[in-house]
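**Q** Structure below; questions to follow.
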Amino acid sequence: MKKYLSETSFIDYSNAKIKEISNAVCSPRSSDKENAIALYLYVRDSIKYDPYAVALNKSCFTASEILKLGKGYCVSKAILLTALLRSVNIPSRLGFSDVVNHLSSKKLLESMGTNIFYYHGYVEVFLNDRWVTATPAFDSNLCKVAGIPPLEFDGEKDSKFQKLNNVGNKYMEYLNEHGSFLDVPYDLLLEKYAYYYPTLVKSDNEYYSGDLHVEIENDVK
């Protein structure tokens, strides 16, 4: 498990702000499972889900920069959670899948040109001698606006995504699994995003303008 505790330029958990958060959220008296759940809830709800926060630069995929920005899409939030988990000696790695995501706005789907989210990101956490999936993407505020329950993580069962909303409509379908990664596959992600989302993904530090929370709220009116 030692390699899944390693620090990288993207998973930079020795950063002072990341240490500050992990020290504030976790307790040395708590179990790994309890601390993992606490960190999951922090990333899920304290970092706003923003699918527009994608730019073709390394800061977009660096844990400390994601924390500083205070928002991110599924991969960003998975990177930050991985860094926080490793900072308290909990082995973790990144996982990627292609999914059909029904929790979208009309504007986002038009910008993407598809309802398939390629290389959707999540975290695999090693707890009690097994890998468990945790997906901290959708914050509670967004879930409330969309009418779906926030995705919980208990440290024991895989927590991938809500399959149904509050009235039974399907919200997520997994299409293809791309496996797990020790570190951020930066070049691979840039290649895939540029190919699948040429009108959405900007270069350098330029971000697409949008607010999914407001867009969904307007769509459901």
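The values are calculated or read from the model by the stated rules, or taken from the named source; none is laboratory data. The structure displayed is predicted, hence computed values, not measured ones. Here Cβ is always computed from backbone atoms with ideal geometry, including for glycine, and neighbour counts include all displayed protein chains.
**Q** How many of the residues in the stretch 62-81 are touching a helix residue (DSSP H, G or I) at 6+ places or on another chain (Cβ under 8 Å) and closer than 17 Å to SER97 by Cα?
**A** Residues meeting the conditions: 4.
**Q** Same structure, new question: Considering each of GLU156, GLU173 in turn, give the residue that is modelled with pLDDT of 75 or more, under 17 Å from the mean Cα position of the chain (by Cα) and surrounded by fewer than 16 Cβ atoms within 10 Å (Cβ to Cβ).
**A** GLU173 is the lone residue from the list that is modelled with pLDDT of 75 or more, under 17 Å from the mean Cα position of the chain (by Cα) and surrounded by fewer than 16 Cβ atoms within 10 Å (Cβ to Cβ).
**Q** Report the residue count in the stretch 76-96 for those that are in a strand (DSSP E or B), of a type outside the set (Gly, Ala, Ser) and within 19 Å of SER27 (Cα to Cα).
**A** Result for the stretch 76-96: 0.
**Q** I'm checking my understanding of the structure. Among residues of the stretch 42-67 that are in a helix (DSSP H, G or I) and closer than 16 Å to SER87 by Cβ, which one is nearest to the chain's Cα centre (by Cα)?
**A** Across the stretch 42-67, the extreme among qualifying residues is VAL43.
**Q** Determine if the stretch 27-43 includes at least one residue that is surrounded by 18 or more Cβ atoms within 10 Å (Cβ to Cβ), closer than 30 Å to PRO198 by Cβ and either modelled with pLDDT of 95 or more or charged (D, E, K, R) (or both).
**A** yes
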